[in-house]
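Single-structure report; data block below.
No value in this document is a laboratory result; all are computed from the given coordinates. This structure is a prediction, so every number in the text was calculated from the model and none was measured. Here the Cβ is made from the backbone with ideal geometry for all residues, glycine too, and neighbour counts use every protein chain on show.
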Amino acid sequence: MTSAPTHISSDLRITLNKEGARHYTRMSFPIHCGIFSEVETRNWLLHFNLNNEIIRAKGKTRSWPHPHEWLKRNMGNDWIYYSTGGYTGVFEATGEYYLPNLPYKTNGLLGGNPFDDESVGELINGWPTILSNILKSESHLPVEVSSFLQNALANTPDNLSTKADRLFSICGGRSTVLPPDARHVDYNVIPITIASGCLYKCRFCEVKNKHPFAAIPTAEVRHQINRLTSIYDRDLPNYNALFLGEHDALQAGAANILATLDEAYGAFSFDQSYLQGCSAFLFGSVTSLMNTPESFFQELEQRPYTIYINIGLESADQETLDRLGKPLTSAMVREAFTRIQEINDRWSKTEITANFVLDDDLPDGHLPAFLDLVRESLTRVKPKGCVYLSPLRFGQPSRSQTFGFNRLKVLSRVPTFLYIIQRL
Ligand code: SF4
C-alpha cells in the first residue's frame with residue numbers, strides 16, 4: 001500500500017493511507033499501528049481506518065488534558081480515553097504505559113474521569129462537524145481527499161453504532177469481557193464465538209451470563225467468519241488477532257479451536273496483514289485446561305499464531321473459593337497452576353495466564369495461599385505466564401488495594417499485573 005497525496009493548506013493537513021507501525025510496541029509516547037488516514041486541523045487530530053471510520057482522535061490545544069493522551073473508538077463503538085495516569089505506576093500495575101479509561105463501570109483501581117472533560121466530550125460529539133467544515137471551507141481539495149471526507153462523513157455516529165450492533169449479532173452477543181492478554185494487541189481483536197456460556201456460574205462473577213456451556217457447531221462458526229469478513233471489510237489488513245469467545249472457549253475442544261484458527265487465517269487473509277505476526281486470545285477454565293491433551297499444544301506450535309489462554313483460578317484458599325461461590329477445591333487450583341507452569345515452560349507459542357481476585361475483605365488465607373503459589377512453588381523468576389489480579393469491586397478504587405497489589409507484584413516470581421476488565 002502506498003501513501004496517497006497529502007493535502008496541505010495553512011490550517012489543514014490530510015494524509016490518506018498513512019503507514020503506521022507494523023507491530024504493537026510499548027512506548028511512553030503514543031505509537032499507532034496499521035494504515036490509517038489522518039486529518040489534522042489547527043485544533044484537532046483525527047484518524048480513520050481503511051473503511052473511513054473514525055478510530056482515534058485528540059485535541060491539540062491547551063484545553064486537551066495532556067498532549068500524549070488520546071481517544072480511541074473500538075469496533076464495539078466504545079470511545080476509550082488513553083491516559084498517562086501521570087506515568088506514575090501505570091506501567092508497573094498494568095504492563096502498559098497508557099491506562100484505558102472506559103465509558104462504563106469496570107473494576108479498575110486507577111484513573112480519573114476524562115469523559116467529564118469538556119474538550120473530550122466536544123471531540124466525541126463534534127468530529128463530524130470538523131469534517132463537514134473542511135468540506136465547506138476548502139475549495140481546492142484533490143478528488144481522493146474530498147471523496148475520503150464524504151465517505152468518512154457517511155459513517156455517522158448512528159451508522160457506526162448500527163454497525164457495532166451488527167457485529168454483536170453475528171457473534172451471538174457483545175463480548176462483555178476480553179482476556180487481559182488482549183492488551184498485547186491493544187484489544188484490536190476480531191471476535192469469533194466458538195462456545196457460549198461457562199461451566200461454573202460462580203456466584204461472585206459480574207460478567208457471566210445464564211447460558212449453560214455449549215460449543216457452537218462448526219458450520220455456524222464458519223458462517224460467523226464469513227459474515228465478519230464483510231464487517232471488517234477493507235480494514236482487514238489492520239488486524240492480526242482473534243478473540244475466541246465466549247467465557248470458556250478452551251472447553252470447545254482442540255479440534256474446534258484448531259479448525260477455527262485455520263479457517264479465520266485464510267478468511268481474514270492474516271498472511272497479508274499489514275501487521276506482523278498473528279495471535280489468538282481465549283479463556284479457559286480449570287476443567288477445560290486439565291482436559292486438554294498435550295497434543296493440542298503440539299499442534300499449536302505448527303500454526304502461525306501465538307496463543308494466549310487465560311484461566312480464572314481466583315484463589316488457592318478453600319475458604320475464599322467457597323466465599324466466591326467458585327465450585328473448585330484449592331487442590332484443583334494448585335494442580336492447574338502446576339500444569340500451567342509445565343505448558344509455559346515447554347511450548348514456545350502458547351502462554352497460559354491466570355487470574356486471581358483482589359479485595360480488602362477476602363478471608364485471611366487468600367493472600368498467603370496466593371504467595372505460596374506464585375513465589376514459594378516456583379524455584380526461579382519466570383518470563384511468561386502472567387498472573388492478573390482482578391479487583392472484585394466495580395467502580396470503587398481503593399488506595400489500600402493498590403498498595404497491596406504493589407507488594408504482591410514485588411514478591412511474585414511470574415509477571416504480575418492488574419486486570420482491568422474491558423469489553424469489545
Ligand atoms: S468466573 Fe468464569 S467460570 Fe465463573 S461464572 Fe464467571 S465466566 Fe463463568
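Per residue, the average separation of C-alpha pairs within less than 8 Å and at least 6 apart gives the stretch 136-238 a relative contact order of 22 percent. Here the spin labels are modelled as points 7 Å beyond Cα on the Cα-Cβ line, and at PHE403 and LEU12 they lie 5.5 nm apart. With the gyration tensor restricted to C-alpha atoms of the stretch 171-418, the semi-axes of the equivalent ellipsoid amount to 31, 19, 18 Å, longest first. Counting neighbouring beta carbons within 10 Å and listing from fewest to most, the residues ASP11, ASP361 come out as ASP361, ASP11.
Among LYS105, LYS326, sorting on how many other beta-carbon atoms sit within 10 Å of each Cβ, with the fewest leading, yields LYS105, LYS326. The slack between LYS210 and LEU411, meaning 0.36 nm per residue of separation minus the straight C-alpha distance, is 68.6 nm. Cross-link check: pairs LYS201/LYS382; LYS105/LYS409; LYS349/LYS409 evaluated at a Cα-Cα cut-off of 28 Å; pairs beyond the cut-off: LYS201/LYS382. Dividing the Cα radius of gyration of the stretch 38-134 by its Kirkwood radius returns 0.97 for Rg/Rh.
Using every pair of distinct Cα positions in the chain, the Kirkwood expression returns a hydrodynamic radius of 22.7 angstrom. Note on GLU319 and ALA219: with the Förster distance fixed at 45 Å, the Cβ-Cβ geometry gives a FRET efficiency of about 0.50.
Pairing the Cα long axis of helix 157-170 with the longest principal axis of the chain, what angle in degrees results, from 0 to 90 and rounded to the nearest 10? Between helix and principal axis, roughly 40 degrees.
With a Förster radius of 30 Å applied to the beta-carbon distance between GLN341 and CYS202, the computed FRET efficiency rounds to 0.80. In the chain, the longest principal axis of the Cα atoms and the axis of helix 254-267 are about 10 degrees apart. Multiplying the residue separation of ARG22 and LYS163 by 0.36 nm and removing their Cα-Cα distance gives an extension gain of 48.1 nm.
Put +1 on the Cβ of each Lys and Arg and -1 on the Cβ of each Asp and Glu in the stretch 220-335; which of SER269, TYR305, ALA241 then has its Cα farthest toward the positive end of the dipole? The residue sitting farthest along the positive end of the dipole is SER269. Counted by neighbouring Cβ atoms within 10 Å, the residues MET75, MET290 run from fewest to most as MET290, MET75.
A Förster distance of 25 Å, applied to the separation of the beta-carbon atoms of ARG303 and ASN226, puts the FRET efficiency at 0.75.
Computed extension gain for GLU144 through ASP361, at 0.36 nm per residue and net of the alpha carbon distance, reaches 72.2 nm. Mind pulling the angle between the C-alpha long axis of helix 330-346 and the longest principal axis of the chain? Nearest 10 degrees, somewhere in 0 to 90. The two axes meet at around 60 degrees. Each residue, ALA331 and ASN291, gets one label point 7 Å from its Cα in the Cβ direction; the gap between the two is 2.1 nm.
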